[in-house]
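Asker: This structure is in structure tokens; I'll ask about it shortly.
The values are calculated or read from the model by the stated rules, or taken from the named source; none is laboratory data. The shown structure was predicted, so the numbers you read here are calculated from the model rather than taken from an experiment. Cβ placement follows ideal geometry from the backbone for every residue including glycine, while neighbour counts extend to all protein chains displayed.
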Amino acid sequence: MNEPADPEHIRLQVWYKNVEMAIRKVDPDHILFLDGNSYSMDFSAFEEVLPNSVYSIHDYSGMGFPAGVPYDGTDEQDDILRRQYERKVAFMRERKVPVRSRRRQRS
């Protein structure tokens with residue numbers, strides 16, 4: 001599922017658990033790639049690490065997205081982007097599981 005958005009922050013985790021169990025019945029070794037909530041940017045409500053899974057964030061934190069000052073590459077902007085990224089990957093780092101990052105490409 002690409003970029004899920006569960007306003008309750010619980011249904012997505014239940015759905016992932018059910019899908020994971022169904023997949024494991026057919027293929028116990030398949031690696032699952034699971035997006036975070038809120039367009040794959042929020043893992044703050046995630047509690048359980050599913051086996052053999054990689055958690056994927058979509059990093060849309062570029063300056064100017066969705067509104068703001070354009071990215072000029074200043075140290076201050078880089079620091080803001082770094083802090084936003086670290087917040088998004090905290091779940092994976094705390095639980096020592098792989099993270100896959102997709103950054104929005106500038107046009």
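Asker: Across segment 67-91, which residue is surrounded by the fewest Cβ atoms within 10 Å (Cβ to Cβ) among those that are modelled with pLDDT of 80 or more and aliphatic (A, V, I, L, M)?
Answerer: The residue in question is Ala90.
Asker: While we're looking at this one, here's another question. Among Ile31, Ile23, which is the only one that is within 18 Å of the chain's Cα centre (by Cα), over 16 Å from Phe91 (Cβ atoms), among the hydrophobic types (A, V, I, L, M, F, W, C) and at pLDDT 90 or above?
Answerer: On the way: Ile23 fails: within 18 Å of the chain's Cα centre (by Cα).
When all the criteria are applied, what remains is Ile31.
Asker: Would you be able to say whether some residue in segment 46-66 is out of contact with any strand residue (DSSP E or B) (no Cβ under 8 Å at 6 or more places or on another chain), assigned to a helix (DSSP H, G or I) and surrounded by 14 or more Cβ atoms within 10 Å (Cβ to Cβ)?
Answerer: no
Asker: Only residues in segment 14-31 that are without any contact (Cβ under 8 Å) to a residue 12 or more places away in the chain and within 18 Å of Glu48 (Cβ to Cβ) count as the first member; pair them with residues that are of a type outside the set (Lys, Arg) and surrounded by 10 or more Cβ atoms within 10 Å (Cβ to Cβ), Cβ under 6 angstrom, at least 6 apart or cross-chain, and list the lot.
Answerer: Ile23/His30
Asker: Can you pull out every residue in segment 23-45 that is exposed (fewer than 10 other Cβ atoms within 10 Å of the Cβ) and part of a helix (DSSP H, G or I)?
Answerer: Correct list: Lys25, Val26.
Asker: For segment 50-68, indicate whether the set of residues that are of a type in the set (Val, Ile, Thr) and closer than 19 Å to Glu3 by Cβ is non-empty. Give the steps one after another, and end with the answer.
Answerer: Residues of segment 50-68 of a type in the set (Val, Ile, Thr): 54, 57.
Narrowing further to those that are closer than 19 Å to Glu3 by Cβ: 54, 57.
Yes, that holds for at least one residue.
A quick yes/no check of all residues on (1) β-branched (Val, Ile, Thr); (2) under 18 Å from Pro98 (Cα atoms):
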position	(1), (2)
Ala5	no, no
Arg11	no, no
Glu20	no, yes
Val26	yes, no
Ile31	yes, yes
Asp35	no, yes
Ser38	no, no
Asp42	no, yes
Glu47	no, yes
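Asker: Turning to a different aspect of this structure: Is it fair to say Glu8 is at pLDDT 85 or above, exposed (fewer than 14 other Cβ atoms within 10 Å of the Cβ) and of a type in the set (Asp, Glu)?
Answerer: Numbers: at pLDDT 85 or above: yes; exposed (fewer than 14 other Cβ atoms within 10 Å of the Cβ): yes; of a type in the set (Asp, Glu): yes.
When the stated conditions are applied, Glu8 passes them.
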